[in-house]
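What follows is a short report on a single structure.
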Amino acid sequence: MPVTLKEVAERAGVSRSAVSRTFTEGASVSQKTRKKVEKAATELGYRPNALASSLTTGRTKLIGLISNNFHNPLFLEVFDLFTRSLQDRGLRPLLVNLTDETDPAHSIELLRQYSVDGVIVASSTLSPEFSKAFRDARIPVVHSFGRFASAPHVHVVGIDNVECGRMAARTLLAHGYRKLAFLGGPREATSTTDRRKGFFEVLDDTPGVEASESYATAYSFDAGRAEMLNLLQDDPAEAYFCGDDVLSIGALSAAGSMGLRVPEDIGIIGLNDMEMARWENINLTTIRQPIRQIIDSSIELVVAMLEDPDRYPEARLFSCEVIERGTLRPR
């Protein structure tokens, strides 16, 4: 049986409330009492119950971590960094899977049941209104990988997806391609909309360029492969900007199935620079998103909101860079 607070109090010769205060962050207890309690706890092998402590402090230290795309390998990296970083700060991540769900009401009710101290929405496809619903419910929230706004309703940390679209277009033009295409994720996703916008901003101002667009049903390997197989049936472009690395890898698979060589017959550039993009058999040219910096900044903001829930919302943008590998022909 686990050692109880009462047993520690008896061994230390102090009251149970003194033991409780010793293990409650910020509570007042004399140094003499603290030493006696800690000595007794060590001898008995006592570990404070985090859930019981939350009843005293009013803080669970639980942070809801919400995402809606568990089919994208990138989010394995994201969850790994988020969970480890939260735990390093003494916080406890509570992972919520919102695949195919866009109504925040259910999530708000679920996270209220667990009395979370804050929420991180880790998604580039959910709308700003989704995160705003948590703020309206008086739950501190940060939207990681969210859509940039100059006057956001909630804290937003991410990248300029419109500029990433421009970067992709400039890179393809610099490699000599003139028949280009955008292969995006779901049409309704904010990241898809913004990346397409930047891509065509550049191409619309470039004479002698032919451009087309198409969309996968999800940010997933299977969706990218299926859409590229359809595109290759007719009159394919010379090069494609796939709005995500996992779409790009699906497109590479489709090209191989159709007997096309990359980059000799077709060029591909992705976005994210997830770990798989660097594998030798993939070797994807892509736009690197600074995932670690985004996650560190998101956690910094959510921790700050635990002390000041009414902190004024801000948007933090991080720069991206093109990583040249082997899926585009030489410049």
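Applying a DSSP loop filter and a limit of 10 other Cβ atoms within 10 Å to the GluC sites (Glu not before Pro) in region 244-331 leaves GLU264, GLU280. Beta bridges from DSSP with both residues in the chain: antiparallel share about 10 percent, rounded to the nearest 5. Only the Cβ atoms of Lys and Arg (+1) and of Asp and Glu (-1) were treated as charged; on that basis the dipole of the chain about its Cα centre amounts to roughly 1880 debye. Counted by neighbouring Cβ atoms within 10 Å, the residues CYS320, CYS164 run from fewest to most as CYS320, CYS164. Amide H to amide H, with H built 1.01 Å from N, LEU95 comes under 5 Å of LEU65, counting only residues 5 or more places away or on other chains. The relative contact order of region 193-331, computed from alpha carbon pairs under 8 Å that lie at least 6 residues apart in sequence, is 20 percent.
Hey, fewest Cβ within 10 Å first, where do MET276, MET167 land in order?
Values: MET276 19, MET167 22.
In increasing order of surrounding Cβ atoms, one gets MET276, MET167.
Only one residue of VAL246, THR171, TYR219 has its Cα farthest out toward the positive end of the dipole of region 161-289, where Lys and Arg carry +1 and Asp and Glu -1 on Cβ, and that residue is THR171.
Set the Förster distance to 35 Å, then compute FRET efficiency between SER28 and ASP80 from the Cβ-Cβ distance, nearest 0.05.
Values: r = 38 Å, r/R0 = 1.10.
The value I calculate is 0.35.
Give the calculated FRET efficiency between GLU300 and ASP235 to the nearest 0.05, with a Förster radius of 56 Å applied to their Cβ-Cβ distance.
Values: r = 49 Å, r/R0 = 0.87.
Efficiency, rounded to the nearest 0.05: 0.70.
Averaging sequence separations of C-alpha pairs under 8 Å and six or more residues apart, then dividing by the length of region 126-245, give the relative contact order as a whole percent.
Values: 179 pairs, mean separation 30.7, N = 120.
That works out to 26 percent.
Between ASP265 and ASN283, the distance separating the two model label sites (each 7 Å from Cα on the Cα→Cβ line) works out to 1.7 nm.
Within 10 Å of each residue's Cβ, count the other Cβ atoms and sort LEU111, LEU98 from fewest upward. Don't skip to the end; give the middle numbers.
Working: LEU111 23, LEU98 20.
Going from sparsest to densest Cβ surroundings: LEU98, LEU111.
Take every Cα pair under 8 Å whose residues are at least 6 apart in sequence, average their separation, divide by the length of the chain, and the relative contact order is 15 percent.
Determine by what factor the alpha-carbon radius of gyration of the chain differs from 2.2 N^0.38 Å, reporting the quotient.
On the way: Rg = 24.9 Å, N = 331, 2.2 N^0.38 = 20.0 Å.
Taking the Cα Rg and dividing by 2.2 N^0.38 Å, one obtains 1.25.
Principal-axis analysis of the Cα atoms of the chain puts helix 104-113 at an angle of about 20° to the longest axis.
Overall shape of region 161-289 was characterised from the C-alpha gyration tensor. The equivalent ellipsoid obtained from it has semi-axes of 19, 16, 14 Å, in decreasing order. FRET efficiency for the pair GLU324 and ALA149, taken as 1/(1 + (r/R0)^6) with r the Cβ-Cβ distance and R0 = 35 Å, rounds to 0.65. Under a 5 Å amide H cut-off, with hydrogens placed 1.01 Å from N, GLN289 pairs with ASN272, ASP273 among residues at least 5 apart or on other chains.
Any read-out appearing in this document is the output of simple, stated calculations on the displayed coordinates, not a laboratory observation. Computed from a prediction, not measured in an experiment: that's the story for all the values here. Neighbour counts run over all protein chains shown; Cβ positions are idealised from the backbone, glycine included.
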